[in-house]
Amino acid sequence: MSASPTNTPMMRQYWEYRHKLPADVILLFRVGDFYEMFDSDAEIGARALGITLTQRAGSALAGIPYQAVNSYVPRLLAAGHRVAICEQMENAVPGKLVRRALSRILSPGTTLEDAHMDARRNNYLLALAGHKRGLLCIAWLDLSTAEFRIASGTHTTILPILAALDPREVLIPDDEAASWQKNTGMDAFLDTHLVTKLPSWQFEPNSGERSIAAALGVLNLQGFGIEVGNPALGTAGAVLTYATDSLCQKPQNLYQISEYKPAGALIIDHASQRNLELFRGNGGSRNGSLLDAIDNTVTAAGARLLEQWLATPPGNVAVALARQTCVGDLVRHAGVCARVQEKLRSVRDIVRILSRLQNRIRNPRELGGIRDTLRQLPEIHAELAASALAGTSINALATNIGLCPKLRELLDSALSNEVPGDIAAGGVIRKGYDAELDRLRALSTDSKSWVAALERAEQARTGIKNLKIIYNGAFGYLIEITKSNLHLAPENYIRRQTLTNAERYITEELKQKEKEILRADEFALTRETEIFQGLVERIQEHSASLQNTAQALAELDVYCGWATLARDWDYCRPEVDNSGVLEIEQGRHPVVEQMLRKEGGTQAFVPNDTRLQSNGEQVALLTGPNMAGKSTYIRQVALIVLMAQLGSWVPARNAHVGIVDRLFCRVGASDELARGNSTFMVEMNETANILNNATASSLVILDEIGRGTSTYDGISIAWSVAEFLHGNGECGPRTLFATHYHELTRLQSILPRMRNYCVAVKEWNDEIIFVRQVIPGAADRSYGIHVARLAGLPDCVVARANAILADMENGSSTFMQSRANAFIHWENLPTLTPTSEPVLPPPPSPILADPSTSTAGPPLIIPLRAAPPAAPVEDGQLELF
């Protein structure tokens, strides 16, 4: 549909704005108390929101109440839509077209409203593009916190960053979209994120550099440590342009940009992040993840900072030690930690509040949030600056907390105790703060009392007990008399409006008072708005100090949370250095240990030791039965190393961690059948990534390499992988290699830096007991059949498996012949058709056939249920082998 002369003025106005927007943007057009959607927008919106779709003059129409927009827009964003808001810029006047303007174009990556975001997660908009030098360039911006960073590198170094950042929206050049599909890592990332394609010229580095410098108000970006011609500035320019279009103005809260250099960080590829469940547990939610286990923060900003740290873990000793020291200060001063945490619970999200205020999204209640935060700062500062903490690292953090006493006093004196969420509601400014506002409010209040008194007086004068004085937006104040009482209306009443059951009148006296009342309300609101805007400006004058304070409080929140975690779960401070050593005494899995307690079980987590050294005991080959805890053990080692490098204390009695540059974890069988990749192909892809990128400073965790193919192929692959990781040099990546291929244990006699370990089990009364203890040596059995019985396999299947295993282990020359004469006799087996779905009961104990039926041994006949004898089955008709 397009604008035409037959459209109303309002619809012509609508189409004027609609044609300015991309086709995939849904326009919410404010009409009175509703946001209306028309045509295809209405069809898409009604379907996504589950609201009624109507037809008017041949055009689809759907609307949502303006008061409920913050509950509907997140649903549109979650469905992957962008939403433009066209607001009314003035009150409606009969007979006049209301002036309107585009105020925002909301998208998942550019929204600022709290209702549209997870307060405890970063909300990244990310752009990526290739570069002629063969680099992959990225830039990411959290518009709600003004975090703005760039990075460039190879696919191997950049893909882990993309996975860890997990952006809400990804921008790519339209002419590069097809090429990404050829990269298995990149296409997997793009397939799981909302992608917006932009013209490739928006990613041009030189124009990006100029636009970023202009937005930050500087001549060049060298003051931010970014050299001229940095190729990633093209993606930064694309991010800035997109954010500018979304806000309908340049972002007003940007104050810096920084370059993230992967070379100085611990790199964890996407597969390893997933296998270690760093950000998401097994069910895809935050529950059961490492992030959830180590997050004891009490503020949204603290939770986001922790997520940032985990997404970009440091690769140097200094950062880890500095953070450890702050945690240690709070561990030793538990009282200070508890009191500070209690105060932090009342701290509001200053950074996001500032971002909204600076970008014209101004909710009076958020000024109250800043005031409430400033009220907590003196006591927090006093706790950190106490003499008991003198000279400590946590004491130094107090210097970054700006108290802003004058701003606090201003907001205390100006704002009401309970600040409303809308300036139009009035009551934002405290009574007694501004004399002129108080005078206007009194005039309005007194006038309204006068109207109520007039209503009572007119009821008495006319004898009309149900006479009412009402207010109507179009006609102002009116005297309403029902039809049955019209004969009692005085002569000075002037008729203005006729209703079905009543007439409405005015008087000269009432109209004069109406002017006074309306002007008083209008003037009072105008004056209150002026004061409110003045307060916003004063807050913005302190924005730099407030930003620094918010960062310090977020760090403090993380440290307090880690200190509480260390005390509650008996963590130790690890020794972190640049050696190739990894020694853990009585280490525990940080997630599993907590889950055991939360589930209310009495079973305690069994701790284990670990000793690896890049030039010593470099490779630990771990054998043992399924369910014994091998996977849990090797993952816990990786998580302890990661926690140590983050700066946290770790779940162990003692730990010595030499910094690792890359952490690889090939655990589990994450099938990607939907992408055309089998379990084995995924396993081989991930293994190839490890072998091609691991260094002597890396940590490698491998579980069941080669199990997805034939036994001999699997053993051969696992054997050669172990040899490759060991290498012929003097050192190699510290490696934990769990396997069921016991043949690999012979490598200890061949490879000098390999050691065998196993998970101990105990046998008792034909049962196995998992003791979860890792000990030196090799396991002699996998106990797979025992585990199968624990899993609930029918007794007959377990018995049959034991018989076959016994023959195989005996190595009898008649083994194959014996198996050839074995068959299964299914009694009363129903005939299956394409639509039948038989439900069979558990089978009874196996019944042995007459031994005379075979010279090679008795066949095993396993009936599923008691039934009349079936037709005889010839020997060998259904063979096992």
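Return the only residue of L374, L411 being closer than 27 Å to R323 by Cα and at pLDDT 95 or above. Don't jump to the end; show me each part of the working.
On the way: L411 fails: closer than 27 Å to R323 by Cα.
None of the other options fit; the residue is L374.
Does V592 satisfy the criteria of being within 21 Å of I701 (Cβ to Cβ) and touching a strand residue (DSSP E or B) at 6+ places or on another chain (Cβ under 7 Å)? No: the conditions fail for V592. Restricting region 489-521 to residues that are out of contact with any Phe, Trp or Tyr (no Cβ under 9 Å at 6 or more places or on another chain) and among the hydroxyl-bearing types (S, T, Y) leaves a set whose member that is most open to solvent (accessible area, probe 1.4 Å) is T500.
Return the pair list, or none, for Cβ contacts closer than 7 Å from residues in region 21-41 that are over 9 Å from Y66 (Cα atoms) to residues that are open to solvent by 30 Å² or more (accessible area, probe 1.4 Å) and part of a loop (DSSP other than H, G, I, E, B), at least 6 apart or on different chains. Partner pairs satisfying both residue conditions: I26/H81; D39/M1.
Considering only residues that are of a type in the set (K, R) and out of contact with any helix residue (DSSP H, G or I) (no Cβ under 9 Å at 6 or more places or on another chain), look in region 604-648 and name the one that is least open to solvent (accessible area, probe 1.4 Å).
Checking each candidate, the answer is K630.
Selection of first residues in region 211-227 that are on the phi > 0 side of the Ramachandran plot and of second residues that are not β-branched (V, I, T) and not in a loop (DSSP other than H, G, I, E, B), restricted to Cβ pairs under 7 Å at least 6 apart or on distinct chains, gives the following pairs, ordered by first then second residue: G225/S258; G225/E259. Would you please name the residue that is nearest to L389 (Cα to Cα), looking only at residues in region 310-325 that are part of a helix (DSSP H, G or I) and open to solvent by 10 Å² or more (accessible area, probe 1.4 Å)? Per the stated criteria, the residue is T325.
If I filter region 765-812 down to residues being of a type in the set (A, V, I, L, M, F, W, C) and assigned to a loop (DSSP other than H, G, I, E, B), which single residue comes out as most open to solvent (accessible area, probe 1.4 Å)? The extreme case among them is L793. Is it true that V558 is touching a Ser or Thr at 6+ places or on another chain (Cβ under 7 Å) and under 28 Å from R120 (Cα atoms)? Answer is yes for this residue. Only a single item in (1) out of contact with any helix residue (DSSP H, G or I) (no Cβ under 9 Å at 6 or more places or on another chain); (2) open to solvent by 40 Å² or more (accessible area, probe 1.4 Å); (3) within 26 Å of E307 (Cβ to Cβ) is not met by D191, and it is number (1).
Criterion first (touching a Pro at 6+ places or on another chain (Cβ under 9 Å) and farther than 30 Å from N417 by Cα) does R461 satisfy it? Yes; evaluated as a whole, the condition is true for this residue.
To keep it simple, each residue is scored yes or no on (1) modelled with pLDDT under 95; (2) open to solvent by less than 30 Å² (accessible area, probe 1.4 Å).
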position: L136; (1), (2): yes, yes
position: A139; (1), (2): no, yes
position: F148; (1), (2): no, yes
position: I161; (1), (2): yes, yes
position: D174; (1), (2): yes, no
position: Q181; (1), (2): yes, no
position: L219; (1), (2): yes, no
position: V239; (1), (2): no, yes
position: A243; (1), (2): no, yes
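Which one of N316, N282, N296 is without any contact (Cβ under 8 Å) to a residue 24 or more places away in the chain, closer than 30 Å to I158 by Cα and out of contact with any His (no Cβ under 9 Å at 6 or more places or on another chain)?
Numbers: N316 fails: without any contact (Cβ under 8 Å) to a residue 24 or more places away in the chain; N296 fails: without any contact (Cβ under 8 Å) to a residue 24 or more places away in the chain.
Within the list N316, N282, N296, the selection yields N282.
Does region 566-587 include one or more residues that are in a helix (DSSP H, G or I) and surrounded by 24 or more Cβ atoms within 10 Å (Cβ to Cβ)? Scanning region 566-587, I find no residue that is in a helix (DSSP H, G or I) and surrounded by 24 or more Cβ atoms within 10 Å (Cβ to Cβ), so the answer is no. Would a scan of region 715-737 turn up a residue that is at pLDDT 90 or above, surrounded by 14 or more Cβ atoms within 10 Å (Cβ to Cβ), of a type in the set (V, I, T) and farther than 22 Å from S678 by Cβ? The answer is yes; a qualifying residue exists.
Out of curiosity, is T679 under 25 Å from the mean Cα position of the chain (by Cα), of a type in the set (S, T, Y) and open to solvent by 10 Å² or more (accessible area, probe 1.4 Å)?
Details: under 25 Å from the mean Cα position of the chain (by Cα): no; of a type in the set (S, T, Y): yes; open to solvent by 10 Å² or more (accessible area, probe 1.4 Å): yes.
Considered against the rule, which asks whether it is under 25 Å from the mean Cα position of the chain (by Cα), of a type in the set (S, T, Y) and open to solvent by 10 Å² or more (accessible area, probe 1.4 Å), T679 comes out as no.
Pairing residues of region 61-72 that are at negative phi with residues that are in a strand (DSSP E or B) and modelled with pLDDT under 90, at Cβ distances under 9 Å and at least 6 apart in sequence or on separate chains, gives L61/Q55.
Determine whether region 377-400 contains at least one residue that is of a type in the set (S, T, Y) and at pLDDT 95 or above. Working first, answer last.
Quick first cut of region 377-400, residues of a type in the set (S, T, Y) only: 387, 392-393, 399.
From what's left, at pLDDT 95 or above: none.
Checked region 377-400: no residue is of a type in the set (S, T, Y) and at pLDDT 95 or above.
Entry remark, region 256-274: residues being part of a loop (DSSP other than H, G, I, E, B), touching a Lys or Arg at 6+ places or on another chain (Cβ under 9 Å) and basic (K, R) number 0 in total. I353 fulfils the conditions (1) of a type outside the set (D, E, K, R); (2) without any contact (Cβ under 8 Å) to a residue 40 or more places away in the chain; (3) out of contact with any Asp or Glu (no Cβ under 7 Å at 6 or more places or on another chain) except for a single criterion, (3).
Out of A129, A115, report the one residue that is open to solvent by less than 50 Å² (accessible area, probe 1.4 Å) and in contact (Cβ under 8 Å) with a residue 24 or more places away in the chain.
On the way: A115 fails: open to solvent by less than 50 Å² (accessible area, probe 1.4 Å).
It is A129.
Which count do you get for residues in region 72-98 that are modelled with pLDDT under 90 and either under 34 Å from the mean Cα position of the chain (by Cα) or aromatic (F, W, Y) (or both)? Count: 3.
Give the number of residues within region 333-356 that are assigned to a helix (DSSP H, G or I), open to solvent by 50 Å² or more (accessible area, probe 1.4 Å) and under 20 Å from R120 (Cα atoms).
Our first condition is that a residue be assigned to a helix (DSSP H, G or I); within region 333-356, this holds for 334-344, 350-356.
Pick out the ones that are also open to solvent by 50 Å² or more (accessible area, probe 1.4 Å) and you get 338-339, 342-343.
Checking the rest, the ones that are also under 20 Å from R120 (Cα atoms) come to 342-343.
So the count comes out to 2.
Looking for something part of a loop (DSSP other than H, G, I, E, B) and surrounded by fewer than 16 Cβ atoms within 10 Å (Cβ to Cβ) - is there at least one such residue anywhere in region 540-560? Walk me through it before giving the result.
Applying the first criterion (part of a loop (DSSP other than H, G, I, E, B)) to region 540-560 yields 542.
Filter once more, keeping what is surrounded by fewer than 16 Cβ atoms within 10 Å (Cβ to Cβ): none.
Looking through region 540-560, none of the residues is part of a loop (DSSP other than H, G, I, E, B) and surrounded by fewer than 16 Cβ atoms within 10 Å (Cβ to Cβ).
Under the condition of being part of a loop (DSSP other than H, G, I, E, B) and in contact with a strand residue (DSSP E or B) (Cβ under 7 Å, 6 or more places away or on another chain), the residues counted in region 234-255 number 2.
Counting only strands (runs of 3 or more DSSP E) that sit wholly inside region 9-61, those with at least 3 residues that are open to solvent by 40 Å² or more (accessible area, probe 1.4 Å) are 54-56.
The values are calculated or read from the model by the stated rules, or taken from the named source; none is laboratory data. Everything numeric in this text was worked out from a predicted model, so none of it was measured. A quick note on method: Cβ atoms are made from the backbone with ideal geometry, for glycine too, and the neighbour counts reach across all protein chains shown. Calculation scope for accessible area: heavy atoms of the full protein, side chains included, ligands and nucleic acids excluded. Shrake-Rupley method; radii C 1.70, N 1.55, O 1.52, S 1.80 Å.
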